[in-house]
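The structure appears right after this line, and notes come after that.
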Amino acid sequence: MEWTNIFLHNPAEPLLFHTGFFLFLFSLFLIFYSFIYNKRKVRNLAIIIFGFYFYFKSSGLFVILLILSISSDYIFSKWIYKSKHPKQKKIILICSILFSLSFLVYFKYRNFFLENISYVIYNNYSLKELILPIGISFYTFQSISYLVDVYHNKIQPSGYVNYMLYMTFFPHLVAGPIVRAKDFLPQIKKPTILNKDNINEAFYLIIKGFIKKAIIADYIAQYADSVFSTPNGFSGTEHLVSSLCYTLQIFCDFSGYTDMAIGIALLLGFRLCVNFDSPYKSLNITNFWHRWHISLSSWLRDYVYIPFGGNKKGLILQMLFLLLTMIIGGFWHGASWKFVFWGTGHGILLIIHKIVILKFSKKIKNSVFNFASWIITFICVSLLWIPFRASSMKDAIIIFNKIFTDIEFKYFFAIYTSNPLLIYFLVIGFVSTLLPNKIKEVLKKQFYDANIITKFIILGLLIQLFLQVKSSSVQPFIYFQF
């Protein structure tokens with residue numbers, strides 16, 4: 001790569017955590033950071049500059065849109081805070097939210113609405129192809145949470161530089177987690193602490209995230225992508241395996257990104273929120289949403305479900321609010337009916353679980369019941385990943401039909417024979433996600449206690465394994481598209 005490419009944006013090569021280019025740049029940045037991390041103003045400015053550079057390498061001139069969004073939200077937050085009249089304060093909040101959402105609606109949902117309106121009125125409207133700015137869904141939700149928290153006096157507007165650092169902190173900028181200002185802003189004012197424990201934890205998370213994303217997720221994605229791309233060309237058995245692949249892939253991909261993001265943030269002296277807590281261990285769908293994409297599910301709870309009325313307006317309305325919240329959560333993922341279906345499916349499952357809890361208030365505590373609950377939850381979640389991944393609802397229906405009518409177990413052996421590494425990765429991936437926390441803590445402690453030579457050997461072996469199994473091009477993170 002020519003050195004001039006360092007300063008240019010290439011849409012085909014976004015700056016990703018698991019690439020050699022990022023490792024090189026971030027290593028240089030860490031060396032510089034080690035000299036200035038205890039000088040707060042210089043430290044903040046350095047992180048902001050690197051954040052804007054990181055976003056420019058990922059989204060090009062859309063960095064201007066990010067600056068506009070940050071500046072407008074900051075101004076709105078000041079107006080909200082200074083306003084003494086409740087009605088005026090509320091009007092400013094509504095205007096600020098609508099202004100923030102306007103960018104998201106235009107770039108992400110414009111064509112969806114025009115296409116559906118065109119379909120209803122039988123008008124062949126020519127759609128303009130729009131490029132979706134990377135991370136716009138995440139930083140829009142983050143800015144809305146900031147504005148609402150200022151409105152409710154949960155936080156006070158910080159200085160412009162501090163707010164810019166909060167919004168452009170590159171570990172979470174393009175794919176989350178969605179960070180709350182009340183959790184992040186106080187850290188800006190504290191001295192940066194870089195001790196052995198934090199560094200050990202950071203490297204452990206980065207390596208764990210690398211294994212999940214670059215080795216497991218990217219390898220099994222090759223099989224899932226080939227099957228999902230041509231649903232009519234594969235049997236139900238192959239679709240079942242590819243669905244299991246995607247169930248594991250999306251978890252390893254997204255939680256792997258989050259692990260790396262938290263680890264990188266720790267190396268800079270900041271702690272981000274936990275975003276995944278072994279979600280495939282869940283015994284019910286409510287518990288799943290307490291463990292999966294926690295920053296989004298808690299955001300939907302606090303800024304959508306509770307403002308609707310939550311559980312304070314009777315059971316019927318509570319169920320309605322729950323369904324609407326999950327539909328919004330589904331639609332947040334993408335401008336397509338398949339995401340609406342996915343969100344609706346989860347909303348219905350949550351309602352069913354609430355009804356079951358009300359009817360059977362006494363918890364049944366035995367291993368058989370727990371195992372059955374886990375199996376049912378896992379099957380429901382896995383089946384709903386099918387429309388989430390499929391190219392369209394039409395393709396999803398084809399896949400569902402094949403899975404339920406065209407399963408022949410003898411073909412599982414054929415799949416294993418033709419691609420044993422795929423099955424090994426599936427087994428290893430799912431087993432590792434279901435490991436008891438005690439075993440995970442033991443493995444973590446062993447890594448912490450290992451000497452530096454052992455850690456470098458582990459890293460070297462992982463890089464070698466990555467080179468052996470990787471596809472021809474580096475795969476972007478799944479949640480970049482959302």
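For region 286-310, filtering for residues that are part of a helix (DSSP H, G or I) and within 20 Å of Val431 (Cα to Cα) leaves 3. All conditions but one from (1) under 18 Å from the mean Cα position of the chain (by Cα); (2) without any contact (Cβ under 8 Å) to a residue 60 or more places away in the chain apply to Pro186; the one that does not is (1).
One residue alone among Leu283, Leu248 is over 21 Å from Val179 (Cα atoms) and open to solvent by 20 Å² or more (accessible area, probe 1.4 Å), and that residue is Leu283. Within region 389-401, the residues that satisfy the criterion of being within 18 Å of Gly343 (Cα to Cα), surrounded by 18 or more Cβ atoms within 10 Å (Cβ to Cβ) and either touching a residue at least 60 places away in the same chain (Cβ under 8 Å) or among the hydroxyl-bearing types (Ser, Thr, Tyr) (or both) are Arg389, Ala390, Asp395. Within the bounds of region 87-94, is there any residue that is buried (at least 19 other Cβ atoms within 10 Å of the Cβ) and within 20 Å of Val174 (Cα to Cα)? Among the residues of region 87-94, not one is buried (at least 19 other Cβ atoms within 10 Å of the Cβ) and within 20 Å of Val174 (Cα to Cα), which makes the answer no.
Of all positions in region 352-369, none carries a residue that is exposed (fewer than 15 other Cβ atoms within 10 Å of the Cβ) and in contact with a Ser or Thr (Cβ under 7 Å, 6 or more places away or on another chain). Taken as a whole, the condition of being surrounded by 12 or more Cβ atoms within 10 Å (Cβ to Cβ), hydrophobic (A, V, I, L, M, F, W, C) and in a helix (DSSP H, G or I) does not apply to Phe456. Looking at the structure I just gave you, is Phe288 within 30 Å of Ile355 (Cα to Cα) and open to solvent by 10 Å² or more (accessible area, probe 1.4 Å)? Here the answer is no, as Phe288 does not meet what is asked. Give the residue that is nearest to the chain's Cα centre (by Cα), with candidates limited to residues of region 220-232 that are open to solvent by 10 Å² or more (accessible area, probe 1.4 Å) and within 15 Å of Ile415 (Cα to Cα). Among those residues, the one meeting the criterion is Gln222. Before we move on, is Tyr81 open to solvent by 70 Å² or more (accessible area, probe 1.4 Å) and either assigned to a helix (DSSP H, G or I) or of a type in the set (D, E, K, R) (or both)? The answer is yes for Tyr81. Only helices (runs of 4 or more DSSP H) wholly contained in region 105-201 count here; list those with 1 or more residues that are closer than 30 Å to Pro86 by Cα. So the answer is 136-151, 160-168, 181-189.
Looking across Asp406, Asp449, one residue alone is of a type in the set (Asp, Glu) and open to solvent by less than 90 Å² (accessible area, probe 1.4 Å). It is Asp406.
Out of the residues in region 251-271 that are part of a loop (DSSP other than H, G, I, E, B) and open to solvent by less than 10 Å² (accessible area, probe 1.4 Å), state the one that is farthest from Ser27 (Cα to Cα). Before the answer, list the steps.
From region 251-271, those part of a loop (DSSP other than H, G, I, E, B) are 268-271; that's our starting set.
From the residues that got through so far, the ones that are open to solvent by less than 10 Å² (accessible area, probe 1.4 Å) too are 268, 270.
On the way: Leu268: 12, Phe270: 17 Å.
This residue is Phe270.
Annotation: Ser102 fulfils all but one of (1) in contact with a helix residue (DSSP H, G or I) (Cβ under 8 Å, 6 or more places away or on another chain); (2) in a helix (DSSP H, G or I); the unmet one is (1).
Could you please find all residues in region 156-202 being open to solvent by less than 10 Å² (accessible area, probe 1.4 Å) and either in contact with a Pro (Cβ under 7 Å, 6 or more places away or on another chain) or of a type in the set (A, V, I, L, M) (or both)?
Leu165, Met167, Leu173, Val174, Ala175, Ile178, Val179, Ala181, Ile188, Ala202
Taken over region 233-242, the criterion of being open to solvent by 10 Å² or more (accessible area, probe 1.4 Å) and closer than 17 Å to Pro387 by Cα is satisfied by Phe234, Glu238, Leu240. Quick one: is Ile386 part of a helix (DSSP H, G or I), open to solvent by less than 40 Å² (accessible area, probe 1.4 Å), under 30 Å from Gly135 (Cβ atoms) and not polar (S, T, N, Q)? Judged against the criteria, Ile386 is a match.
Only residues that are over 15 Å from His239 (Cα atoms), open to solvent by less than 70 Å² (accessible area, probe 1.4 Å) and either in contact (Cβ under 8 Å) with a residue 12 or more places away in the chain or outside any helix (DSSP H, G or I) (or both): list them for region 420-431, please. Give the steps one after another, and end with the answer.
Kept after step one, since they are over 15 Å from His239 (Cα atoms), are these residues of region 420-431: 420-421, 424-425, 427-431.
Adding the requirement that they be open to solvent by less than 70 Å² (accessible area, probe 1.4 Å) leaves 420-421, 425, 429-430.
Passing the criteria: Leu421, Phe425, Gly429, Phe430.
Any residue at all in region 368-387 that is under 30 Å from His18 (Cβ atoms), free of Cβ contacts under 8 Å to residues at least 60 places away in the same chain and not aromatic (Phe, Trp, Tyr)? There is at least one residue in region 368-387 that is under 30 Å from His18 (Cβ atoms), free of Cβ contacts under 8 Å to residues at least 60 places away in the same chain and not aromatic (Phe, Trp, Tyr). Restricting region 14-63 to residues that are of a type in the set (Ser, Thr, Tyr) and open to solvent by 30 Å² or more (accessible area, probe 1.4 Å), which is nearest to the chain's Cα centre (by Cα)? This residue is Tyr53.
The values are calculated or read from the model by the stated rules, or taken from the named source; none is laboratory data. Model, not experiment: these values are computed from the prediction. Every residue, glycine among them, receives a Cβ derived from its backbone with ideal geometry; neighbour counts consider all protein chains shown. These accessible areas exclude ligands, DNA and RNA; they are computed on the full protein's heavy atoms, side chains included. Shrake-Rupley method; radii C 1.70, N 1.55, O 1.52, S 1.80 Å.
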